[in-house]
Amino acid sequence: MKIKTDFIKIVIKSALLTMLLVGAAGVASASISYDTSPGTDAPPTNLGPYTMTPFPADTNPLYTDISFLSTPCGGTLDFSIPVSHCIIGHGWATWSHEYAGDVYSTKGETSLTMTMPDDTGAFYFYVEPCSYDIFDITATADDGTTTTIAVNGDSGAQYFGFYTTDGTHVDSITLQCEDYYAVGEFAIACPPINSQNIPEFPSVALPVAAVIGLAFIFQRRKD
């Protein structure tokens, strides 16, 4: 009986250790990544492991101040300050890669936080300063992940993309610049798809708990 009991103790200890290690790995890896490599080119179809869905054309009248936009995934993209709806050539002069759609001016404000719908796995956008000069624009995600890019206000709208691959979400992104700017050409992915995720803790804990339970049952029957 001692051999069997020792064996079961080893199984239980190993199972508990597995739970702890997987749980720790999940916490350690939880983070948001960014990609700015498209630069001023047209946006790619994918961001990280996600297939992106662009926002539809805005039906709000030009020059209307808005505080949110409906997203193609449901829910809303919320703005921390009112932004003015413009179209390239109407309210905003230039952009990049021949884009001619909707953009949103911060109208003199230099800081803007965009809050995504729940369960957003990835989000991208472009930003361009108002003045025909080069300014550093900093984008910071809710977990502190940040990147700063020098962006030209003359046809230099820059791509910023943020995404996760570990079961967390992109909740918000804050933009800061010395000049005011326009932001637009949004696309989103939610919920996460095609990601190589580390298993979430509950998905590992339940099977391990089952193994422990079976070990106890086995021991009692043999006793």
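Can you name every residue in segment 45-75 that is within 16 Å of the chain's Cα centre (by Cα) and of a type outside the set (A, V, I, L, M, F, W, C)? Answer for segment 45-75, where residues must be within 16 Å of the chain's Cα centre (by Cα) and of a type outside the set (A, V, I, L, M, F, W, C): T45, N46, G48, P49, Y50, T51, T53, P54, T71, P72, G74, G75. Among the residues making up segment 90-122, those that are without any contact (Cβ under 8 Å) to a residue 60 or more places away in the chain and of a type in the set (A, V, I, L, M) are A93, A100.
Restricting to segment 83-93, count the residues that are loosely packed, with under 15 Cβ neighbours inside 10 Å and either outside any loop (DSSP other than H, G, I, E, B) or touching a Pro at 6+ places or on another chain (Cβ under 8 Å) (or both).
So the answer is 1.
Contact list please: Cβ distance under 7 Å, first residue in segment 48-70 and at positive phi, second residue at pLDDT 95 or above and of a type in the set (F, W, Y), pairs at least six apart or on different chains. Filtered contacts from segment 48-70: G48/Y163.
When you look at C86, is it in contact with a Phe, Trp or Tyr (Cβ under 6 Å, 6 or more places away or on another chain), of a type in the set (A, V, I, L, M, F, W, C) and assigned by TED's automatic domain parsing to the domain that holds D41, yes or no?
The answer is yes for C86.
Residue count for segment 161-187 under the criterion of being over 13 Å from the mean Cα position of the chain (by Cα) and not in a loop (DSSP other than H, G, I, E, B): the result is 8. Here S96 passes the criteria (1) under 20 Å from the mean Cα position of the chain (by Cα); (2) assigned to a loop (DSSP other than H, G, I, E, B); (3) modelled with pLDDT of 95 or more except the one numbered (1). Only one entry in Y132, Y159 is at pLDDT 95 or above and closer than 22 Å to G48 by Cα, namely Y159. Residue count for segment 41-82, restricted to those that are of a type in the set (S, T, Y) and outside any loop (DSSP other than H, G, I, E, B): 7. Checked against (1) farther than 18 Å from T36 by Cβ; (2) assigned to a strand (DSSP E or B); (3) in contact with a Cys (Cβ under 8 Å, 6 or more places away or on another chain), T138 passes all but condition (1).
The values are calculated or read from the model by the stated rules, or taken from the named source; none is laboratory data. In this text the structure is predicted, and so the values were computed from the model without any measurement. Here the Cβ is made from the backbone with ideal geometry for all residues, glycine too, and neighbour counts use every protein chain on show.
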